[in-house]
Amino acid sequence: MPKKDPADPATRIAELVAQVRRLNDEYYGAGDTATPDADYDAAKDELAALVAEHPELEPADSPLNKVNAPEQLTGPTIRHARPMLSLAKATTEEAIRTFCARYEGQTFRVSEKLDGLSLSIVYENGRLDYVATRGTGEIGELVTDKAEHVIPDLPHRIRHRGRVEVRGEALMPRSIWAAYNETHPDKPLTNPRNGAAGTLMQKDPRAAAEAGRLLRFFAFGAELADGTAIDPEPFGIELAHQTIGNDADEVIEAIHAIGSRRNDLDYDIDGAVIRLHDPAAFEAAGFNSAEPRGAIAFKYPPEEKLTKLLGVVWQVGKVGRVAPIAKVKPVFVGGVTVENITLHNARLIRERDLRIGDTIAVVRRGDVIPFAGRSIPEDRDGSEEEIVPPTHCPSCNTELEIRGTGEERWCPNLQCPAQITRRLMHWASRPAADMEGVGDVWIEKLAEDGILRSRADFYTKITTELLTGYERMGEVSARNMVDSIAGSKDIGLRRALIGLAIPMASDGTAKRLTLAGFQSLEDVARASVEELVAIKDIGPKVAESIVAFFARDDTEDEIKALRRAGVNLDVHDEDRPVDVAAAGDSPLKGKTVVITGAFTDPRSGAKVSRPDVTRLVEQAAATATSSVSGDTDYLLAGANTGAAKTNKADKLGVEIVDQDTLWGWLKEAGVA
């Protein structure tokens with residue numbers, strides 16, 4: 001097979017799709033990511049530009065036309081009464097003027113773009129019914145019990161009959177974040193945004209609250225069951241700061257006013273949200289697949305502060321990537337004192353001509369690890385030193401390989417101590433075994449002492465007696481750690497696949513393998529490249545990587561050791577594929593479809609949600625994806641469809657099917 005050109009559009013689109021999916025899983029699924037917002041935005045922008053030039057290359061289920069979300073929600077879920085969508089972004093005043101001109105004569109509402117976690121809070125007849133995250137936009141993850149404990153100002157009762165839904169943002173104040181980190185130096189929160197997301201993913205919300213992980217909730221608005229907008233402030237719910245503007249000039253003035261007080265706030269904002277103030281006008285503006293047309297987010301330019309680059313540490317990751325982390329003179333930027341920044345890769349260091357001793361601009365966009373935006377060559381005095389990438393692994397001294405266009409350094413030694421430690425940390429993380437009581441500091445310590453060498457060692461070697469032999473480890477903490485490890489034994493196939501950190505295989509790959517019908521980890525281990533490539537959205541490189549991973553003797557040994565330790569590596573019922581055995585013949589069988597617009601049951605006249613339509617077409621043996629591509633057989637179009645998908649379908653020659661025809665097909669299949 002000829003080697004693919006990394007500059008080839010198809011190759012680059014595939015790389016970017018995988019990157020965006022991974023980042024969505026890391027932040028929106030795990031509540032943490034080490035990748036700067038700037039890199040995430042750049043990846044999505046590059047992907048959008050390439051897809052615009054080559055629409056036929058956009059893969060099924062592209063992340064472009066969907067709400068930023070993990071590929072799968074892990075907790076109990078609920079369907080939102082109406083979608084909770086992302087916002088289109090703007091970075092220039094010209095874009096804001098264009099938006100305002102589109103709705104000339106309307107009044108606009110300008111509010112802070114809070115850097116937290118979107119929530120829907122629903123009350124029924126005055127009592128708190130549930131709290132849900134945005135999730136996929138259509139379906140949210142229920143976090144009611146957690147929110148009740150960690151958002152102390154959240155009213156459990158309000159004085160109102162009927163149904164009231166309040167939407168807004170939960171965030172961690174900077175003061176709370178700083179105080180928590182001061183008292184928990186062994187497991188600090190990386191920044192307030194990730195602190196908010198992670199807090200609402202804690203298994204024990206009472207313990208989280210007692211430890212000081214408390215959040216504030218700001219409402220954007222509220223509405224009744226019939227969609228009537230109401231003011232949430234009389235219920236004792238804090239409203240996000242808002243300003244009304246009647247034209248583009250007033251809107252831009254409000255944006256600048258919000259930006260001018262960013263550093264004076266006790267919480268993070270990264271922009272301003274501009275929205276049509278009149279609810280009827282907002283609804284009339286309509287929606288596309290991932291965004292309302294009547295609102296837009298203005299993102300402020302990144303905060304930038306100058307400091308000195310003191311040195312560079314090359315950090316070994318769980319799959320062998322050796323990444324440069326710069327040590328800088330501490331600088332306060334974006335509400336955080338920064339001492340470490342990412343330099344990404346050797347190519348970036350060379351192209352930006354970064355040197356030890358340079359004055360550099362540290363950029364922060366709400367990142368976990370800020371990055372070096374540029375150096376200031378005119379400040380050099382001749383004492384600066386070139387940053388020389390290592391030729392051998394800093395952990396095991398194995399000769400490094402250079403891979404990819406970023407000239408990244410990789411350690412090929414699978415027994416490298418640093419890699420082993422990182423893999424152990426990954427196995428214990430929330431998306432995998434979810435060992436909430438086991439911190440990275442302790443994993444590193446136990447690995448250094450030779451106690452933890454494999455994932456199975458968590459279950460066979462860590463005891464309360466062992467842990468209490470360490471200084472600063474009390475009996476209660478030790479017991480909590482052991483209980484957390486024991487509670488993670490029911491990990492199941494999908495999470496085990498994530499925890500194994502198979503190179504090139506994302507969390508989404510794990511989901512696709514479980515949906516493909518594999519019953520156990522051993523079943524996956526026996527699969528051939530041909531069998532794996534036959535699974536939708538698993539390409540040859542990923543398939544080859546999976547087969548190579550399971551062909552290793554150490555992988556086979558570890559699976560056996562995990563089984564002996566009582567770890568469940570079989571598929572969970574909730575991860576199994578939809579049963580389509582009962583589906584009759586219809587034009588949908590075996591087809592790939594995209595669903596757009598609003599649907600109505602022809603018998604009752606009741607609205608049918610998009611997830612329910614998706615479930616029906618899957619029961620009719622079709623595969624539903626989120627975006628139109630060259631692989632799409634039908635665009636299933638309900639009422640009020642957006643132009644983007646129908647135009648793309650026309651361009652690619654995809655048949656557009658109206659809902660009357662769809663309901664007939666579903667009836668033929670025996671599912672409607």
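Overview of results
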{"read-out": "Looking only at the stretch 237-289, and only at residues there that are β-branched (V, I, T) and part of a strand (DSSP E or B), the one that is surrounded by the fewest Cβ atoms within 10 Å (Cβ to Cβ)", "value": "I244"}
{"read-out": "Residue in the stretch 103-122 that is without any contact (Cβ under 8 Å) to a residue 40 or more places away in the chain and basic (K, R) present", "value": "no"}
{"read-out": "Residues being assigned to a helix (DSSP H, G or I) and either without any contact (Cβ under 8 Å) to a residue 12 or more places away in the chain or not assigned by TED's automatic domain parsing to the domain that holds D278 (or both) - total across the stretch 200-232", "value": "2"}
{"read-out": "Tally, over the stretch 110-140, of residues that are more than 16 Å from the chain's Cα centre (by Cα) and of a type in the set (S, T, Y)", "value": "4"}
{"read-out": "Lone qualifier among A229, A219 - being touching an Asp or Glu at 6+ places or on another chain (Cβ under 7 Å), surrounded by fewer than 16 Cβ atoms within 10 Å (Cβ to Cβ) and within 23 Å of F108 (Cα to Cα)", "value": "A229"}
{"read-out": "Test: residue in the stretch 193-214 that is of a type in the set (S, T, N, Q) and touching an Asp or Glu at 6+ places or on another chain (Cβ under 8 Å)", "value": "yes"}
{"read-out": "Check on G539, within 21 Å of D434 (Cβ to Cβ) and either surrounded by 14 or more Cβ atoms within 10 Å (Cβ to Cβ) or not acidic (D, E) (or both)", "value": "no"}
{"read-out": "Residue identified as more than 21 Å from A669 (Cβ to Cβ), of a type outside the set (D, E, K, R) and in contact (Cβ under 8 Å) with a residue 60 or more places away in the chain among N640, N647", "value": "N640"}
{"read-out": "Elements of type helices (runs of 4 or more DSSP H) contained in the stretch 607-669, each with 3 or more residues being more than 26 Å from L515 (Cβ to Cβ) and out of contact with any Asp or Glu (no Cβ under 7 Å at 6 or more places or on another chain)", "value": "643-652, 659-669"}
{"read-out": "Top-ranked residue of the stretch 135-156 - restricted to ones that are in a loop (DSSP other than H, G, I, E, B) and of a type in the set (G, A, S), ranked as farthest from N288 (Cα to Cα)", "value": "G135"}
{"read-out": "Residue list for the stretch 395-423, filter: over 20 Å from H344 (Cα atoms) and among the aliphatic types (A, V, I, L, M)", "value": "L414, I420"}
{"read-out": "Check on P234, surrounded by 14 or more Cβ atoms within 10 Å (Cβ to Cβ) and not charged (D, E, K, R)", "value": "no"}
{"read-out": "Cross-chain or 6+ apart pairs with Cβ under 9 Å, the stretch 46-61 first and farther than 16 Å from G653 by Cα, then at pLDDT below 75 and of a type in the set (A, V, I, L, M, F, W, C)", "value": "L47/L64; A48/L64; V51/L64"}
{"read-out": "Considering residues of the stretch 392-424 that are crowded, with 21+ Cβ neighbours inside 10 Å and over 30 Å from the mean Cα position of the chain (by Cα) only, the residue nearest to R453 (Cα to Cα)", "value": "C393"}
{"read-out": "From A433, A428, A456, residue being closer than 17 Å to V319 by Cα, among the small types (G, A, S) and in the same structural domain as G499 (by TED's automatic domain parsing)", "value": "A428"}
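Conditions tested, residue by residue: (1) more than 27 Å from A418 (Cα to Cα); (2) part of a helix (DSSP H, G or I).
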residue	(1), (2)
G450	no, no
S454	no, no
L466	no, yes
M481	no, yes
A486	no, yes
R495	no, yes
T514	yes, yes
F518	yes, no
K536	yes, no
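The values are calculated or read from the model by the stated rules, or taken from the named source; none is laboratory data. The structure displayed is predicted, hence computed values, not measured ones. Note that we place each Cβ from the backbone using ideal geometry, even for glycine, and neighbour counts take in every protein chain shown.
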